1. Could you tell me which of the residues K245, K149 is in the same structural domain as A298 (by TED's automatic domain parsing), in contact with a Gly (Cβ under 6 Å, 6 or more places away or on another chain), in contact (Cβ under 8 Å) with a residue 60 or more places away in the chain and surrounded by fewer than 21 Cβ atoms within 10 Å (Cβ to Cβ)?
2. Filter segment 122-137 for residues that are of a type in the set (D, E, K, R) and either out of contact with any strand residue (DSSP E or B) (no Cβ under 7 Å at 6 or more places or on another chain) or buried (at least 21 other Cβ atoms within 10 Å of the Cβ) (or both) and give the result.
3. Taking segment 152-194, which residues are over 16 Å from A228 (Cβ atoms), touching a residue at least 40 places away in the same chain (Cβ under 8 Å) and among the acidic types (D, E)?
4. Determine whether segment 20-41 contains at least one residue that is modelled with pLDDT of 50 or more and assigned to a helix (DSSP H, G or I).
5. Among N135, N173, which is at pLDDT below 95 and in the same structural domain as A215 (by TED's automatic domain parsing)?
6. With respect to L119, determine if the residue is surrounded by 19 or more Cβ atoms within 10 Å (Cβ to Cβ) and either modelled with pLDDT under 95 or assigned by TED's automatic domain parsing to the domain that holds P171 (or both).
7. Any idea how many residues of segment 152-191 are crowded, with 21+ Cβ neighbours inside 10 Å and among the acidic types (D, E)?
Amino acid sequence: MIRVILGSRWSLGLVFLALVIASLVPLISANRSEAAQTASDDTVALKPFNKVALGNGFVETLYATDAANHPKTLAVRVDGAAMKSLPTAPMHDGQTCFDKDGDGINLETDCASGHERDLWFPKLDGLPFKWLMFNWQMHGHGPTHVFDKPHFDMHFFIQDFSARNQIRTGPCNLVINCDDDAKAKKMVPAPYGPEGWGLPGAAGRMGNHLIDPNAAPANGDPFTQAFAYGTWDGHVSFWEPVVNKDWIVETKPSAACRSIPQTPAVEVSGYYPTQMCSRYGSTGDLTFTLEKFVKRTAPNGATAPAWAN
């Protein structure tokens, strides 16, 4: 009898233990699901918007917003397959060319812009940037010892697409029409332009480019990631981060960030990024982001260019 009772008590204990474990399983599973969801949220926080082919892969634009639909992050991602198969020949894809010698277009000598992909951004509340001109420059470009290494140019355009398309190619500077070259180089009046910036010049279908001569790589420091302002007809027309391809592949930064130099004032009120970051992913992808957006208000009397409205 005692053995039976003890056996029953042991059985009841096992049953109780089983019930406790069974009650905990949903909680453990729920916690695991929550953790997995959190990790998943971290990886998918950026929403894809526009994607185009590049090599055997793609380049795409992505974004994130706050609760009020203001921009929080803008991103450009070159996936691992594209990074491993970037176009190598010809040097340019023929979108920005001019027959200088009248003997037909030579894709090696009569063109600029490398391999270009045009992508779009969503219409977010207060976002001044409308679209992206992405360029893969397999041999870089001038000035010598500044941007003459393989790199990615990412033009975040404030100027709308149709206005950009009216910037003609020609024999001056970087394959730009000579009259348009002068228009591109028209000085941006204070306080809307970057103070003390210059180089490297105007290009067809883009406009002028201005960089800080005291910052890398113009000052002789290593070329990793840099920043330029684009101008057209006396206005800032695009923001341009530049990323050294070999640097990103060799160093594989999880997050290499730097502040973006700001102009004293803006002509177009909106939300502007104050930080840029390059990240190399586990699949060999490059994700470049504009982050830490802040609201900036154009001062009284500022006249925004028609193409920015």
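The values are calculated or read from the model by the stated rules, or taken from the named source; none is laboratory data. Note that the structure is predicted; figures quoted are calculated from it, not measured. Reconstructed Cβ throughout: ideal geometry from the backbone, glycine too, with neighbour counts over all protein chains shown.
1. K149
2. K123, D125
3. Once the filter is applied, which keeps residues that are over 16 Å from A228 (Cβ atoms), touching a residue at least 40 places away in the same chain (Cβ under 8 Å) and among the acidic types (D, E), segment 152-194 yields only D160.
4. No - not one qualifying residue is present in segment 20-41.
5. Only one candidate passes the filter, namely N173.
6. So L119 fails the test.
7. 3
Each row is one residue, and each column tells you yes or no for (1) at negative phi; (2) part of a loop (DSSP other than H, G, I, E, B); (3) in contact (Cβ under 8 Å) with a residue 24 or more places away in the chain; (4) in contact with a strand residue (DSSP E or B) (Cβ under 6 Å, 6 or more places away or on another chain).
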position	(1), (2), (3), (4)
V268	yes, yes, yes, no
Y272	yes, no, yes, yes
T289	yes, no, yes, yes
N300	yes, yes, no, no
